[in-house]
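The values are calculated or read from the model by the stated rules, or taken from the named source; none is laboratory data. Computed from a prediction, not measured in an experiment: that's the story for all the values here. Cβ coordinates were reconstructed from backbone atoms using ideal geometry, including for glycine residues, and neighbour counts include every protein chain displayed. The protein model used for the area step is the full one, side chains on, heavy atoms only, and it has no ligands, DNA or RNA in it. Shrake-Rupley method; radii C 1.70, N 1.55, O 1.52, S 1.80 Å.
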Amino acid sequence: MTAEKIYIFKRFERFWHWTQAALIIFMMLTGFEIHGVYKLFGFGKAVSLHTIAAWSLITLWVFAIFWHFTTGEWKQYIPTLEKVDAMLKYYLTGIFTDAPHPFRLTTLKKHNPLQRLAYLGVKLLINPLIWASGLLYLYYGSWGDLGLSGLSLPWIAMIHTGAAFLMLIFFIVHVYLTTTGHTPLAHIKAMITGWEEPD
């Protein structure tokens, strides 16, 4: 008997997710070029495109924050330590031994406890570091006018690059974990259609 599908991801949520993913991938692509890893657009164009993508992502996040608070979806991200150990055990060993998934999705609980903690880390650590350092980088020429002339550009650059690598690590782990549903594409399909088929 097939478990009943659950409508998990609303239309705006799916738009926000995929647009955010595309912008982050593009920013990683241009960011690596800015650091001289390869040549694709050329340094100047890469910097310009990176900046446009950054402002686009900031705009998207403003709308997403507004949507989360006006719809009550922000509650989906409240962290909990309940079943975190069970989720860790499942991802480390259980998934390879056909153990039952310790978390059951519902419309009101679409993220497992480990996901909630991971998303909290992204929203409270990685994102603020990237945006604060990126904006300081962008407005380096105005530091004196803003009373920030005591800051060190090399340190700001290091923080920005370090935070970007933390985002890359999150991205890789996130993409891997999307393949851990009852089929390798089940979770990705859910983020396209909105409907999740429980394991």
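Checked against the criterion of being surrounded by 12 or more Cβ atoms within 10 Å (Cβ to Cβ), under 22 Å from Val175 (Cα atoms), touching a Phe, Trp or Tyr at 6+ places or on another chain (Cβ under 7 Å) and not aromatic (Phe, Trp, Tyr), the candidates Leu88, Leu60 yield just one match: Leu60. From the list Gly36, Gly31, which residue is of a type outside the set (Asp, Glu), farther than 30 Å from His101 by Cα and crowded, with 16+ Cβ neighbours inside 10 Å? From the options Gly36, Gly31, the qualifying one is Gly31. The set of residues from region 174-183 being within 18 Å of the chain's Cα centre (by Cα), closer than 19 Å to Thr97 by Cβ and surrounded by 14 or more Cβ atoms within 10 Å (Cβ to Cβ) comprises Leu177, Thr180.
Only a single item in (1) outside any loop (DSSP other than H, G, I, E, B); (2) open to solvent by 40 Å² or more (accessible area, probe 1.4 Å) is not met by Thr80, and it is number (1). Cβ separations smaller than 9 Å between residues 6+ apart or across chains give the following pairs from region 168-184 residues that are over 29 Å from Thr30 (Cβ atoms) and small (Gly, Ala, Ser) to residues that are outside any loop (DSSP other than H, G, I, E, B) and open to solvent by 60 Å² or more (accessible area, probe 1.4 Å): Gly181/Lys189.
If the condition is being of a type in the set (Phe, Trp, Tyr), assigned to a helix (DSSP H, G or I) and touching a residue at least 12 places away in the same chain (Cβ under 8 Å), then region 1-51 contributes Phe12, Trp16, Trp18, Phe26. Here Leu114 meets each of (1) open to solvent by 70 Å² or more (accessible area, probe 1.4 Å); (2) within 20 Å of Tyr176 (Cα to Cα); (3) touching a helix residue (DSSP H, G or I) at 6+ places or on another chain (Cβ under 8 Å) with one exception, condition (1). Looking at region 137-159, is at least one residue assigned to a helix (DSSP H, G or I), within 25 Å of Tyr7 (Cβ to Cβ) and within 23 Å of the chain's Cα centre (by Cα)? No; the residues of region 137-159 include none that is assigned to a helix (DSSP H, G or I), within 25 Å of Tyr7 (Cβ to Cβ) and within 23 Å of the chain's Cα centre (by Cα). Would you check if there is a residue in region 184-192 being closer than 29 Å to Val47 by Cα, open to solvent by 60 Å² or more (accessible area, probe 1.4 Å) and hydrophobic (A, V, I, L, M, F, W, C)? Checking region 184-192: not a single residue is closer than 29 Å to Val47 by Cα, open to solvent by 60 Å² or more (accessible area, probe 1.4 Å) and hydrophobic (A, V, I, L, M, F, W, C).
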